[in-house]
1. From A200, A277, A191, which residue is without any contact (Cβ under 8 Å) to a residue 40 or more places away in the chain and more than 30 Å from F81 (Cα to Cα)?
2. Scanning for something buried (at least 19 other Cβ atoms within 10 Å of the Cβ) and assigned to a strand (DSSP E or B), does the range 505-517 turn up at least one residue?
3. Restricting attention to the range 89-111, which residues are surrounded by fewer than 22 Cβ atoms within 10 Å (Cβ to Cβ) and out of contact with any Phe, Trp or Tyr (no Cβ under 8 Å at 6 or more places or on another chain)?
4. I'd like the full set of residues that are under 17 Å from G599 (Cβ atoms) and more than 34 Å from the chain's Cα centre (by Cα), limited to the range 554-586.
5. Listed residues L68, L55; which is in contact (Cβ under 8 Å) with a residue 60 or more places away in the chain, assigned to a helix (DSSP H, G or I), within 16 Å of E154 (Cβ to Cβ) and not hydroxyl-bearing (S, T, Y)?
6. Tell me which residues, restricted to the range 358-414, are more than 30 Å from P342 (Cβ to Cβ) and part of a loop (DSSP other than H, G, I, E, B).
7. Since Y228 meets every condition but one in (1) modelled with pLDDT of 90 or more; (2) farther than 20 Å from T333 by Cβ; (3) in contact with a helix residue (DSSP H, G or I) (Cβ under 8 Å, 6 or more places away or on another chain), which condition does it not meet?
Amino acid sequence: MSIELGHFALVLAFAISTISAIVGLIFWKREVLAGYLQQGAVLQFVLVAASFAALIQAFVVSDFSLKLAYEHANSAQPLIFKITAVWGNHEGSMLLWVLILVIMGAAVAAFGRNLPKDLLTLVLAVQSLIAAAFTGFTLFTSNPFLRLSPAPFEGQDLNPILQDIGLAIHPPLLYLGYVGFSVCFSFAMAALISGRIDAAWARWVRPWTLLSWCFLTLGIAMGSYWAYYELGWGGWWFWDPVENASFMPWLAGTALLHSALVMEKRNALKIWTIFLAIITFSLSLLGTFMVRSGILTSVHTFASDPTRGMVILALLALFIGGAFSLFAFRASTLRVGGLFAPISREGALILNNLFLATATVAVLVGTLYPLLLDALVGETISVGEPFFNLTFGVIMAPLLIVLPFGPFLAWKRGDLIAVTQRLAGAAGLALFAAVLCFALTGGEVSLAPLGLLLGFWVAFGALAELVDRAKFFRTDVVTSFKRLFGLPRTAWSTAIAHFGIGVTVIGVVAASAWQQELVTTMVPGEGVVIAEHQVTFDGMEHVEGPNFVSDTGRFAIRAPGGGVRTALAERRVYNASGQPTTEAAIETYGFSQLYVQLGEPQADGKSVVRLWYKPYVTLIWLGCLMMAGAGFLSLSYRRLRVGAPRPASARAAAE
């Protein structure tokens with residue numbers, strides 16, 4: 001019965017979102033409608049949440065009369081994996097997408113009470129239109145509530161690779177980022193329809209951009225780490241088309257974040273900011289199409305039904321085509337904002353946008369070109385790591401060079417010579433650290449020291465900003481520390497985010513340039529040495545899991561500084577599906593990791609063992625956490641909280 005109620009709730013949500021979109025877009029000038037659309041947005045959330053809860057309940061109790069539960073669950077699965085199996089498939093993940101979409105709409109309704117009524121009506125109407133489109137797509141092409149009769153006794157089980165805690169974290173975070181940009185898109189459409197495009201609009205939209213960007217950063221980082229430890233290949237990024245599908249909105253969203261800052265502070269870059277808001281969500285929709293259309297075969301993809309792909313393509317044409325048509329019609333009416341000199345903070349942020357936009361285009365071309373070539377002429381080519389590493393690296397290097405200058409430059413007109421002098425200390429420290437690393441790694445000539453130099457330069461440049469604003473070395477230490485801890489949170493968040501970028505760059509360079517790999521065969525009692533770590537194979541044992549059996553290899557790892565650790569690497573076979581999978585053993589030493597993967601047993605009794613030593617690899621994800629944490633810190637600042645600030649007159653009346 002709960003399944004039918006969940007289905008009915010989703011149908012009601014579709015009806016309410018459709019009515020809200022139509023009424024709101026037609027009668028948006030009537031202020032009284034804003035309250036009704038706010039109620040409609042909250043009601044959409046309640047209904048979709050009830051629908052999603054019904055789906056979870058069916059999975060938890062192993063109700064295999066539900067076709068989706070039969071195909072992607074098993075009664076022997078641990079409870080956490082029964083829940084995550086709900087979105088470990090196309091239909092359930094689409095419902096999760098719709099749930100987050102209506103959560104965002106309800107959040108706008110709750111926190112946007114101080115928005116102008118006409119603008120709020122339009123934002124909620126566009127958000128409802130998106131919700132109606134994807135709710136309809138879920139109901140009519142990807143219905144998660146289909147029944148089986150008679151009900152099977154047991155389910156087929158979830159893909160073993162997805163039976164991991166990473167699935168509980170990665171997709172929800174990624175979707176919060178993807179779908180969060182729909183709010184920015186709705187604000188852009190509302191601005192174009194109403195003509196209300198000013199600094200206040202940028203102040204309203206920037207917190208939503210920042211919130212979505214933070215979640216997308218965490219989602220990409222979690223996906224990278226999940227692929228690293230779960231897939232058993234020892235890599236953290238492969239430039240897979242589906243990885244690129246999440247990375248492109250992140251690049252465009254980063255540009256949008258900085259562009260909105262210029263618009264808020266200087267009332268400039270109006271047309272460009274609106275354009276970026278449209279592009280960012282369009283890239284999110286493009287990623288949805290790539291994952292669910294069947295044009296890609298990947299562990300990340302869900303659907304292979306061409307009908308679904310065509311429907312999503314139609315939705316792409318509707319939203320992207322409609323948005324750009326409206327943009328082309330209204331862009332000529334937008335007035336140019338404040339003027340500024342090329343050497344200024346505005347100029348630095350525009351340069352930032354230029355490099356990020358170019359990088360987005362490079363990744364887009366490298367991702368889509370093979371697919372288009374195959375579809376149009378039937379020719380298959382591969383665009384892989386060499387292309388992306390070269391093009392992306394060449395584009396990003398200049399951005400990293402100029403990045404520390406931006407926060408030091410004044411608005412409207414800056415002094416480049418003075419800023420260079422203030423950054424001299426950071427440049428000296430970065431050069432010293434890079435030369436020291438070059439010497440400690442044997443002095444081999446490569447591009448790695450240059451990469452480290454860029455990473456240290458960005459990190460030390462971020463610290464230099466805090467040091468300069470606190471006036472260290474220009475006043476007494478006590479006063480400097482008081483100034484340091486009295487800085488606004490936005491200053492701290494900018495410095496921490498930029499420092500996180502530097503940390504990630506250092507981790508990427510170190511792990512890529514100086515990792516060591518060893519593939520060998522071993523018998524119990526045999527040992528090998530990798531990166532001065534002694535790894536001894538102690539033997540195998542058979543382990544019974546809740547829904548799998550495992551051959552577990554025990555390895556004793558003796559580090560150079562002493563001390564012995566026991567690492568367990570597994571080869572699992574899942575009972576229901578019979579599918580095998582591997583679980584790598586990963587031991588962390590400081591910021592570095594030793595990675596052990598157990599391969600196929602050989603006829604002579606030996607086992608294939610793959611070992612990697614990855615120096616400073618954890619800095620990659622630590623830097624991402626710093627970036628996302630900096631974003632949330634900025635959101636905690638009162639001026640940047642999600643939602644529109646109350647006008648001064650309203651605050652005075654309330655007081």
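The values are calculated or read from the model by the stated rules, or taken from the named source; none is laboratory data. What you see is a predicted model, and the numbers here were worked out from it, not measured in a lab. Counting neighbours? That spans all protein chains shown, and the Cβs are built from the backbone with ideal geometry, glycine included.
1. Values: A277 fails: without any contact (Cβ under 8 Å) to a residue 40 or more places away in the chain; A191 fails: without any contact (Cβ under 8 Å) to a residue 40 or more places away in the chain.
The unique qualifying residue is A200.
2. no
3. Hits for the range 89-111 are A107, A110, F111.
4. R554, F555
5. Values: L55 fails: within 16 Å of E154 (Cβ to Cβ).
Just a single option satisfies the conditions, and that option is L68.
6. Restricting attention to the range 358-414, the residues satisfying the condition of being more than 30 Å from P342 (Cβ to Cβ) are 366-389.
The answer is G378, E379, T380, I381, S382, V383, G384.
7. Unmet for Y228, out of (1) modelled with pLDDT of 90 or more; (2) farther than 20 Å from T333 by Cβ; (3) in contact with a helix residue (DSSP H, G or I) (Cβ under 8 Å, 6 or more places away or on another chain): (3).
Residues checked against (1) touching a residue at least 24 places away in the same chain (Cβ under 8 Å); (2) surrounded by 19 or more Cβ atoms within 10 Å (Cβ to Cβ):
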site	(1), (2)
L349	yes, yes
A357	yes, yes
S382	no, no
G414	yes, yes
R422	yes, no
